[in-house]
Amino acid sequence: MAEQTASNKPVVATISLAGCFGCHMSLLDIDDRIVQFIDLFELNKSPVNDIKKFTKRAHVGLVEGGCCNDENVKVLRYFRENCDVLVSVGACAGNGGLPALRNKMPLQECLVEAYLDAPTAELGKAIIPYDEELPKLLDRVYPCHEVVKIDYYMPGCPPSAEVFWDTLTSVIKGQGFDLPVELIKYD
Amino acid sequence: MVRMKNQIQSIAEKYSNDRTRLMDIFWDIQDLHGYIPHKALRVLEESLDISTADLRETLSFYHFFHESPSGKFNIYLNKDVASQLKGHEAIYAAFETECNCKFGSVCMDGTFGLFETPCIGLSDQEPAALINLVPFTNLTPQKVKDIVAALRAGKELAALVEQYGYGDGANQQIKTMVCSNIRQLGPVFGEKISTGEGLAQSLKSTPEQVIEEVKTAGLRGRGGAGFGTGMKWSFCRAAKGSTKYVVCNADEGEPGTFKDRIVMTEYPEQLFEGMAIAGYAIGAQQGILYLRAEYKYMQDYLEGKLKDLRAKNILGQNVLGKSGFNFDIRIQFGAGAYVCGEESALIESMEGKRGTPRVKPPFPVEVGYLGCPTVINNVETLAALPYILKNGGSWYKGFGTEKTPGTKLLSVSGDCEKPGVYEIEFGMTVREFLAMVGAKDAYAVQVSGPSGECINAQQSLDRKLCHEDLSAGGSMIIFNKDRDLLKYMRYFMTFFVEESCGICVPCRAGNIVMRNNLDKIRAGHANQEDLDNIFAWGQIVADTSRCGLGATSRNPIVSSFKNFPDLYKKLLDEKTNPLYDASFNLEASVEDFDRALKEQNQIGRNVHA
Ligand SMILES: Cc1cc2nc3c(=O)[nH]c(=O)nc-3n(C[C@H](O)[C@H](O)[C@H](O)COP(=O)(O)O)c2cc1C
Ligand code: SF4
Ligand code: SF4
């Protein structure tokens, strides 16, 4: 368990990997409850507050997006090691989602199409970008649970603000993640 | 084009432009053209008054129908477990070499199409293949070479059937290599009975009395579910409606099962007579034999038998002089889909649709074929009826056990000395069974096919084959201790993945999850959690599926784990950090990217170079 924080608030962390940030937008869609959120939780590493490195262990980590490159994998593992409970959020984290559409094609074909044969590519001069600073693409897009152990899933593209809110507040109430079916039924 | 249009129109007219006869129409078109051309659908659209989309919906469901030009000779090699146990790999390679094309494609000059198919009902004489639906059994690489060479040289397919498995080829209507391989007959099918005796006896009683007799016999369905036959009939008799049907389920798709094949070859009269008895009992005038396409080689033979029976007035008007009782039978072919053995999917298929199981209730006894009350029984169930009605229900009840009376035909294949069909009395122990078939070092037995149970042979010697203990549906595949059991369990899971009709999401997706997790286990990348995951998914699939396929698809893994836990446990990965997934390999997953850079970014232009 994470060490008790001074304020004794549960620590939450969030991250966006190969996602569109839509899941994060949905989290912010809790509207004015954001004020309550700050009262109830302590936010550690997250794109929302721009904390880059964990400064303490988190109780709950929310992951948006799957893994499309080696950096995603490293970050996801870093998250896994620093969160007690890791939640796979949204269709991309859970199944690969839209980015995984490329999984049907060999990676090389995608790269050629995007960089070499693109209408805007300068003939004969275009290259597939590469630099040590740039992440390397994986052979396919992986859902998070194929890379690390995932404890819970929040389905949806994105899951609604209510789902985020109910999930996080159930944690506080110690109710676990039993969400009403109506909130996560999509058909 | 005009010619094709006329041809298609006359095929549709042959079936009175009746859209429910779509399966027959597609078969006729394919027999004519080698495939079902898109243009033909355009014609059917008008003749049958259904959209091309609806036509394709049915067409695309069945794996024996081709939508694009196929080979002059289409070779379907059995890829099932019984074939794998007898050297499938070498035969597979031989066909690819000799035909000069890969499985799943048609060779350049269009002579050969190579395809794989699950169990074709020849497990006792594998490896086997169907060439234009003609069975070729006990294949060796040399035989493959000879067959392909002869066909290439223009020899007739029929001329290649040289040895005759049934009746020495004396019967002009069935010249086939397929052997019956009956190893042992019991008190029922071993009895000599003359055609019509059981039916004549029935016709002396009222239909209600016939149903009572079948109830007294304690006969339970031999198609797998084991429902009381007499009970099923009484429901159907009581159901409202003046038109009722008797359907014989001859889809025999459970891998490893072939006993219905033997009944249809050796006891066709008893089978058809049994259908007539059922017809009399429930008040039906029409019987339909739904026969899997894999058994098309029996078509002329069975049609011939039906003709003989009509001549003897066992079928036809006022059957055996019973005024007012008219009954006849037609044969309906399937086109390759295991799920069509499920009774409501079978009805959908007979109505010219995809084989999607229906939501039950209502059950077919109330709302069945064309909406009419319908009794569906397995081949073996129906063929036992003449014996029961001739000798009486209590005679039959005297065999077997208290709760499972009677005898059972077992289809035995795999690692044993005497594969073939055996009639046994229910209650036989596994020990007696193994001795009977000559399985000296049996390790595991797949009882009742993949949807049944994989038992540990040595630990189950005293278990009894009957409903109250080890339910024996017909298929018995034996594995000796040199076999990699999980490899075959994996095949069975793939079988369910491929044969799921797809209407229930848990079955469509869950079978894949279970299969992939099994792969992970076999690769040594799984931990206890992955194993638990399989069982959790298995439960969801079983609880939420519409039909028996989904209800049982977890069985290969669940039963082999129950009976051979060590096979799984020794493969679990205890070392990798449990927070990481051991099957994910970062180095390997960026190899494609490195290769793409190297191959596409020419030297000098690569920023990194
Ligand atoms: C996926 C699936 C496949 C089946 N295949 C067959 C089959 O090939 N032959 C058969 O007789 N019954 C098969 N059944 C069982 C039938 O649904 C039905 O119970 C049976 O034909 C009834 O006949 P019976 O009462 O004489 O056994 C299958 C069931 C399922 C769920
Ligand atoms: S699940 Fe939907 S909203 Fe969330 S990251 Fe993926 S695409 Fe965006
Ligand atoms: S359980 Fe599987 S095979 Fe049966 S109806 Fe559902 S999807 Fe189809």
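The values are calculated or read from the model by the stated rules, or taken from the named source; none is laboratory data. Every value quoted in this text rests on a predicted model; they were computed, and no experiment measured them. Glycine gets a Cβ as well: all are built from the backbone with ideal geometry, and neighbour counts include every protein chain shown. Areas reflect the complete protein model, heavy atoms only, side chains present, ligands, DNA and RNA absent. Shrake-Rupley method; radii C 1.70, N 1.55, O 1.52, S 1.80 Å.
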**OP:** Of the numbered conditions (1) more than 11 Å from every other protein chain (Cβ to nearest Cβ); (2) within 22 Å of the chain's Cα centre (by Cα), A:LYS104 fails exactly one; give the number of that condition.
**Re:** (2)
Original post:
Which one is nearest to ligand 1 (Cβ to nearest atom), of the residues in the stretch B:528-575 that are open to solvent by 40 Å² or more (accessible area, probe 1.4 Å), at pLDDT below 95 and not in a helix (DSSP H, G or I)?
Top reply: B:GLU574
Original post:
Is there a residue being basic (Lys, Arg) and open to solvent by 10 Å² or more (accessible area, probe 1.4 Å) anywhere in the stretch B:258-266?
Top reply: no
Subject >> Verdict on B:ILE388 being within 16 Å of ligand 3 (Cβ to nearest atom), more than 14 Å from chain A (Cβ to nearest Cβ) and either more than 14 Å from B:TYR290 (Cβ to Cβ) or part of a helix (DSSP H, G or I) (or both) >> reply: no
Original post:
Within the stretch B:443-458, can you find the residues that are hydroxyl-bearing (Ser, Thr, Tyr) and in contact with a Ser or Thr (Cβ under 7 Å, 6 or more places away or on another chain)?
Top reply: B:SER448, B:SER451
**OP:** Tell me, yes or no, whether the stretch A:73-89 has at least one residue that is away from chain B (no Cβ under 14 Å), farther than 21 Å from A:GLN175 by Cβ and surrounded by 24 or more Cβ atoms within 10 Å (Cβ to Cβ).
**Re:** no
Original post:
Residues of the stretch A:123-163 being of a type in the set (A, V, I, L, M) and more than 10 Å from chain B (Cβ to nearest Cβ), which ones?
Top reply: A:LEU123, A:VAL141, A:MET154, A:ALA161, A:VAL163
Original post:
Quick one: in the stretch A:90-105, which of the residues that are without any contact (Cβ under 8 Å) to a residue 60 or more places away in the chain and in a helix (DSSP H, G or I) is least open to solvent (accessible area, probe 1.4 Å)?
Top reply: A:ALA100
**OP:** Mind counting the residues in the stretch B:61-112 that are part of a loop (DSSP other than H, G, I, E, B), open to solvent by 50 Å² or more (accessible area, probe 1.4 Å) and touching a residue at least 40 places away in the same chain (Cβ under 8 Å)?
**Re:** 4
Subject >> Conditions (1) in a helix (DSSP H, G or I); (2) open to solvent by less than 10 Å² (accessible area, probe 1.4 Å): number failed by A:VAL60 >> reply: (1)
**OP:** From B:VAL513, B:VAL558, B:VAL505, B:VAL590, grab the single residue that is within 14 Å of chain A (Cβ to nearest Cβ), within 22 Å of B:PRO118 (Cα to Cα) and not aromatic (Phe, Trp, Tyr).
**Re:** B:VAL513
Subject >> Selected residue [more than 30 Å from B:MET476 (Cα to Cα), away from ligand 3 (no atom under 16 Å from the Cβ) and not aliphatic (A, V, I, L, M)] from B:GLU252, B:GLU191, B:GLU212 >> reply: B:GLU212
Original post:
Is at least one residue of the stretch A:27-41 in contact with a strand residue (DSSP E or B) (Cβ under 7 Å, 6 or more places away or on another chain), more than 16 Å from ligand 3 (Cβ to nearest atom), in contact (Cβ under 8 Å) with a residue 12 or more places away in the chain and in a strand (DSSP E or B)?
Top reply: no
Original post:
Counting just the residues of the stretch A:164-183 that are open to solvent by 30 Å² or more (accessible area, probe 1.4 Å) and out of contact with any helix residue (DSSP H, G or I) (no Cβ under 9 Å at 6 or more places or on another chain), which one comes out nearest to the other protein chains (Cβ to nearest Cβ)?
Top reply: A:VAL181
Subject >> Criterion: within 16 Å of ligand 3 (Cβ to nearest atom) and crowded, with 18+ Cβ neighbours inside 10 Å - qualifying residue of B:GLY474, B:GLY510, B:GLY502 >> reply: B:GLY510
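One line per residue, one yes/no per condition, for (1) surrounded by 21 or more Cβ atoms within 10 Å (Cβ to Cβ); (2) within 13 Å of ligand 1 (Cβ to nearest atom); (3) over 16 Å from B:ARG21 (Cα atoms):
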| residue | (1), (2), (3) |
| --- | --- |
| B:ASN313 | no, no, yes |
| B:GLY316 | no, no, yes |
| B:ASN326 | no, no, yes |
| B:ILE329 | yes, no, no |
| B:ALA337 | yes, yes, yes |
| B:SER344 | yes, yes, yes |
| B:GLU348 | yes, yes, no |
| B:GLU351 | no, no, no |
**OP:** Return only the number of the condition from (1) assigned to a loop (DSSP other than H, G, I, E, B); (2) open to solvent by 20 Å² or more (accessible area, probe 1.4 Å) that A:ILE128 does not satisfy.
**Re:** (2)
Original post:
Applying the selection to the stretch B:235-275, what residues are in a helix (DSSP H, G or I), in contact with a strand residue (DSSP E or B) (Cβ under 9 Å, 6 or more places away or on another chain) and within 15 Å of ligand 1 (Cβ to nearest atom)?
Top reply: B:PHE235, B:CYS236, B:LYS259, B:ASP260, B:ARG261, B:ILE262, B:VAL263, B:MET264, B:LEU271, B:GLY274, B:MET275
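Conditions tested, residue by residue: (1) within 26 Å of B:LYS408 (Cα to Cα); (2) in a helix (DSSP H, G or I); (3) within 16 Å of ligand 3 (Cβ to nearest atom).
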| residue | (1), (2), (3) |
| --- | --- |
| B:SER344 | yes, yes, yes |
| B:GLU348 | no, yes, yes |
| B:LYS353 | no, no, yes |
| B:VAL375 | yes, no, no |
**OP:** Output yes when any residue across the stretch A:150-161 is out of contact with any Asp or Glu (no Cβ under 7 Å at 6 or more places or on another chain) and in a helix (DSSP H, G or I), and no when none is.
**Re:** no
**OP:** Answer yes or no: is there a residue in the stretch A:107-117 that is within 13 Å of chain B (Cβ to nearest Cβ) and under 19 Å from the mean Cα position of the chain (by Cα).
**Re:** no
